[in-house]
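The structure appears right after this line, and notes come after that.
Values quoted throughout were computed directly from the atomic coordinates according to the rules given, and no laboratory measurement underlies them. The shown structure was predicted, so the numbers you read here are calculated from the model rather than taken from an experiment. Cβ sites come from the backbone with ideal geometry, for glycine too, and all protein chains shown count toward neighbours.
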């Protein structure tokens with residue numbers, strides 16, 4: 001559990017483990033600092049316009065080469081909607097308005113501990129082009145989504161269902 005924390009970020013002394021606040025936590029016997037592991041927050045956009053859905057082909061692990069909704073991690077100094085607008089711009093070249101939360105899910109990658117917030121999104125400008133950590137960005141007709149190549153199909157199916165869009169995969 002402590003393998004990624006060996007030294008105190010405050011005073012640099014070696015960390016120990018101690019039962020604190022209901023769990024075993026990295027703790028500094030020298031200065032008393034407790035390391036709390038915070039989950040990562042990722043955001044994604046369900047963008048459906050004119051009967052088509054915006055998807056990006058992932059250029060990174062996990063599921064490199066598979067299609068997914070535009071998404072990414074929220075940085076320390078960002079709000080979720082602003083982070084998602086940034087990710088959409090970086091991945092697709094498009095400007096978007098971020099709407100309501102569609103769903104909050106655990107991260108699809110079992111090696112990552114965190115929450116995935118899925119928002120509605122609407123494109124307002126820009127020019128579609130792949131960028132950042134994707135190799136392609138493309139609009140797909142809702143009746144012709146590449147289900148065999150979708151990175152996280154459960155997330156996409158649940159999102160579409162919540163929006164009242166019935167799709168056969």
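Top mean-square fluctuation among 152, 140, 36, Gaussian network model of the chain, C-alpha springs under 10 Å?
Ranking 152, 140, 36 by mean-square fluctuation puts 36 first.
If you line up the long axis of helix 80-92 against the longest principal axis of the chain, both from Cα atoms, how many degrees apart are they, to the nearest 10?
Around 60 degrees separate the two axes.
Counting other beta carbons within 10 Å of each Cβ, put 20, 156 in order, fewest first.
The fewest-first ordering by Cβ neighbours comes to 20, 156.
Considering the chain as a Gaussian network with a 10 Å cut-off on Cα pairs, which listed residue, 133, 50, 100, attains the greatest mean-square fluctuation?
Looking only at 133, 50, 100, the largest GNM fluctuation is found for 50.
Within 10 Å of each residue's Cβ, count the other Cβ atoms and sort 27, 147, 67 from fewest upward.
Listing 27, 147, 67 from fewest to most nearby Cβ atoms yields 147, 27, 67.
With each pseudo-label sitting 7 Å past Cα toward Cβ, what's the residue 139-residue 167 distance in nm, one decimal?
Rounded to a tenth, the inter-label distance reads 1.5 nm.
Using 0.36 nm per residue, how much length does the chain from residue 13 to residue 76 gain when fully extended, once their Cα-Cα distance is taken away?
20.2 nm
Show that you can apply the helix-only estimate: for the chain, add -39,500 (n - 2.57) for every DSSP H stretch of four or more residues, divide by all residues, and state [θ] at 222 nm to the nearest 500.
-4000 deg cm²/dmol
Calculate how steeply helix 153-162 sits against the longest principal axis of the alpha-carbon atoms of the chain, using the helix alpha-carbon long axis, and give the answer as 0 to 90 degrees to the nearest 10.
70
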